[in-house]
Amino acid sequence: MKHALVVGGTGMLSRVSLWLIDNGYHVSIIARDAERMKQLLQEASSESHVTPLLVDYRNNDELKEEINRAIKENGNIDLVVAWIHSIAENALQIIANEVSKGENSCELFHIVGSSSNLNEIKKKSNAPSDYVHYYQVQLGFKFEDTQSRWLTNKEISEGVIEAIRKKKKVLIIGQIEPWENRPHW
Ligand SMILES: NC(=O)c1ccc[n+]([C@@H]2O[C@H](COP(=O)([O-])OP(=O)(O)OC[C@H]3O[C@@H](n4cnc5c(N)ncnc54)[C@H](OP(=O)(O)O)[C@@H]3O)[C@@H](O)[C@H]2O)c1
């Protein structure tokens, strides 16, 4: 069975976690809140295909331990979807290092915010080995009928699923230009 890791998989990426389960993945999910995790498990088509990793991704050692536990239990990780707040400076690099240790090829979809500089992030995210293939998904906004708004969780998950299916190196959900049209709330 293919093994996916979804970082922040109980929030706006919940639908991505559920879609991966429906599409034949064993899904390991990183988040901290046990109650939110329980809710997601209840929605899953198969609870036995989910491994909850309740860990704060700012804690480098615990993050490593939990990823390694997931690999031990469910095999090498083939796909990572990561939504990580910028306060966790080392998390993405740690995840990429740990998943590449098995020397299997792994696709890493990095979800980034609207104001992110994609090239800067890509440089910092420096995939540590030839085994990790790096993709970016940027969250934009929607401009409709002279009004703009931020993306809904559904739109975000659908965009991420499209990026995974089409293996797009860079995918922008909605738009980020012209930036002055973004919502101001
Ligand atoms: N351009 C846009 O339209 C745009 C951009 C960004 C965000 N948004 C919106 O803003 C909303 C809020 O953003 P959000 O970041 O709170 O998204 P979220 O996806 O709803 O929540 C964050 C996810 O990451 C996990 N998480 C957060 N901090 C963590 C930590 N230190 N360690 C481990 N896991 C952690 C959370 O679980 P735990 O809380 O259980 O740890 C949750 O699964 C989103 O729902 C989205 O719709 C929109």
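A short reminder: the numbers here are calculations on the coordinates, not readings from a lab. Predicted model, so just to flag it, every value in this text is computed and none were measured. Using ideal geometry, Cβ is built from the backbone for each residue, glycine included, and neighbour counts are taken over all protein chains shown.
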How far is it, in nm, from the label point at Trp179 to the one at Lys38 when both lie 7 Å from their Cα along the line to the Cβ?
4.4
Grab every C-alpha pair in segment 93-185, bin the distances at 5 angstrom width from 0 up to the longest one, and report whole percents.
3, 13, 22, 19, 18, 12, 7, 4, 2, 0, 0
Within 10 Å of each residue's Cβ, count the other Cβ atoms and sort Lys142, Lys154 from fewest upward.
Lys154, Lys142
Under the Karplus relation 6.51 cos²θ - 1.76 cosθ + 1.60, θ = phi - 60°, what is the ordered set of whole-Hz ³J(HN,Hα) values for segment 159-168, x standing for Gly and Pro?
x, 5, 4, 4, 4, 5, 5, 8, 6, 7
Quick check: Cα centre of segment 137-175 to Cα centre of segment 40-60, how many Å?
24
Under the helix-only model (-39500 (n - 2.57) for each DSSP H run of 4 or more, divided by the residues of the chain), the mean residue ellipticity at 222 nm, to 500 deg cm²/dmol, is -11000 deg cm²/dmol
